[in-house]
Amino acid sequence: MASSAGLALCGHALVVRGGSRFLATSTSSSDDDNLFIYDCSAAEKKSQEHKGEDGQPVDQGSDTVLASTFSKSGSYFVLTDDSKRLILFRTNPWQCLSVRTVVRRCTALTFTASEERILVADKSGDVYSFSVLEPHGGGRLELGHLSMLLDVAVSPDDRFVLTADRDEKIRVSWAAAPHSIESFCLGHTEFVSRIFVVPNHPELLLSSSGDRTLRLWEYRSGRELHCCPLTSLQEPAEPWSDKRFAVSRITYWSQEDCVALSCDGLPVVYIFQLDAAQRQLVPRQLLTFQHRVWDAAFEEGHGLWVLQDCQEDPLVLCRPVGGQWQSVPESAELKRVSAHVRVNWAMLEGCAGVDSGFSSLYKAACDNMTTYLKKKEERLKQQLEKRRRAPPPGPSGPTKRMKTGDLARGCSS
């Protein structure tokens, strides 16, 4: 899957990625000079040459970062790239700990709550685990699906591994025995793009899909608690109202039980309120922007950071004012972090016009009746054309062709 620009936040640590590079800085004013830049194209690569069936070298990837995330405490950061590498970092201070290879290109990854392992989901439907404590150890296959995985998550107590796939399913597996399935969360009618276990309500799961809905689940039982169409927050006149789209990020603000969604290719961020007592999602606001939104993430106690396709204003910081979310253009930390992104804008230039690859995952429409009627109409036209080209009949009707033998016998008589 192609990858556009991305944003990650944990504590005061902020990462902006694009192409093969990422920059890490701090939103805290006390860390003005804390800037770390890493380029995956400079990372070590395996020396062996992979060859295809024809004996020719196989494309080794573009080094583009496909997915990245922080650990729960923010002590670690990990990414996976298009060259099938898993790169682990320590964040205080920033340091690359290891570069490992994965079997196939990955679509999502997460740390366990204990921060002892990294779970990596790939395009073939498998989940591998890699040790954090042994940063050079190899991966171990944990579980597999029959279709492409799009996201992976773990419960806050590390008891369950949750996986979302292209075939509309969310599976809940026991972490200690991944072959043992606790439940399935079924209800989406298109691929499940993102899943998120609510940290301060650990029994609840949020999920998004290509069917343009946000759903709330009690995941251990597989029970759907609420389904909220994203169209409930948008006006019919909006240019994207009839467009197919999927959520590319679910981010959560525990302090206010606030959920924000950024969608692939749209200049908007959806804001919902989670009413945990009533087990429902309440639509609150649709934030619109002048430029395409690449990603969004909450900073606890501070606000919502939005990364957009605009070199002059690459980042927007929003905070609730009088019950409505508004941008805060005069924020000192926003100006400082945005200045770092502008200086390194070259890493984001290639992300313009690139989506997250969801457009190829929608089910192909199959209308058998339309196809049948079209073929029938073509067949009738061919029959009519054939009749028009046939020679006209004689004066007493169609003439019967006589065989050569019959003709000879008629002459001899």
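At 1.4 Å probe size, with the rest of the protein present, what percent of the exposed accessible area of region 259-300 is carbon and sulfur atoms? Mind showing how you got there, number by number?
Values: 560 of 1430 Å².
Carbon-and-sulfur percentage of accessible area, whole number: 39.
Looking only at region 113-147, which residues have a backbone nitrogen under 13 Å from a spot 7 Å from the Cα of His179 in the C-beta direction?
The answer is 142-144, whose backbone nitrogens lie closer than 13 Å to the label point.
In deg cm²/dmol and to the nearest 500, what is the mean residue ellipticity at 222 nm of the chain if only DSSP H runs of at least 4 residues count, each as -39500 (n - 2.57), divided by the residue total?
Helix-only estimate at 222 nm: -3500 deg cm²/dmol.
At Leu97 and Leu35, where each label point lies 7 Å from the Cα along Cα→Cβ, what is the point-to-point distance in nanometres?
If labels sit at Leu97 and Leu35, their model points lie 2.7 nm apart.
Which far-off residues, 5 or more places away or on another chain, put their amide H under 5 Å from the one on Gln280, with H placed in the peptide plane?
Those lying under 5 Å, H to H, from Gln280 are Asp275.
Could you compute how fast the chain diffuses translationally, taking Rh as the Kirkwood radius over C-alpha pairs and applying Stokes-Einstein at 20 °C with viscosity 1.002 mPa s? Give it in µm² per second. Provide the component values of the computation, followed by the final result.
Values: Rh = 24.0 Å.
Using the Kirkwood radius from Cα pairs, D works out to 89 µm²/s.
Show me, bin by bin at 5 Å from 0, the whole-percent P(r) of region 311-354 based on Cα pairs.
Binned Cα distances yield the sequence 5, 22, 23, 18, 14, 12, 5, 1.
Can you tell me the equivalent ellipsoid semi-axes for region 132-230? Use √(5λ) from the Cα gyration tensor, largest first, whole Å. The partial results should precede the final answer.
On the way: eigenvalues 110, 47, 31 Å².
Here the semi-axes work out to 23, 15, 12 Å.
Report, to the nearest whole %, how much of the accessible area of region 79-135 belongs to carbon and sulfur atoms, 1.4 Å probe, protein only.
Numbers: 820 of 1970 Å².
Ligands and nucleic acids excluded, carbon and sulfur give 41 percent.
Go through Ala260, Leu304, Val316 and say which Cα lies farthest out towards the positive end of the charge dipole of region 227-334; charges sit on Cβ, +1 for Lys and Arg, -1 for Asp and Glu.
Farthest along the dipole direction, towards plus: Ala260.
Given the pairs Lys72/Lys335; Lys243/Lys363; Lys243/Lys374, which are separated by over 19 angstrom at their Cα positions? Mind dumping the intermediate values first?
Values: Lys72/Lys335 27 Å; Lys243/Lys363 15 Å; Lys243/Lys374 27 Å.
The pairs that break the limit, which is 19 Å between Cα atoms, are Lys72/Lys335; Lys243/Lys374.
Pairs of Cα atoms under 8 Å, at least six residues apart: use those to get the relative contact order of the chain, whole percent.
Details: 891 pairs, mean separation 43.6, N = 413.
For the chain, the relative contact order is 11 percent.
How high is the FRET efficiency between Thr189 and Val282 when r is their beta carbon distance and R₀ equals 25 Å, given to the nearest 0.05? Write down the numbers at each step before the final one.
Numbers: r = 23 Å, r/R0 = 0.91.
Efficiency for this residue pair is about 0.65.
Using a probe radius of 1.4 Å on heavy atoms only, what accessible surface per residue do you get for the chain? Whole Å² is fine.
Values: 20740 Å² over 413 residues.
The answer is 50 Å² per residue.
In whole Å, what is the distance between the alpha-carbon centres of region 140-177 and region 199-213?
14
The values are calculated or read from the model by the stated rules, or taken from the named source; none is laboratory data. Note that this is a predicted model, so its numbers are computed, not measured. Virtual Cβ from ideal backbone geometry, glycine too; neighbours counted across all protein chains shown. Areas reflect the complete protein model, heavy atoms only, side chains present, ligands, DNA and RNA absent. Shrake-Rupley method; radii C 1.70, N 1.55, O 1.52, S 1.80 Å.
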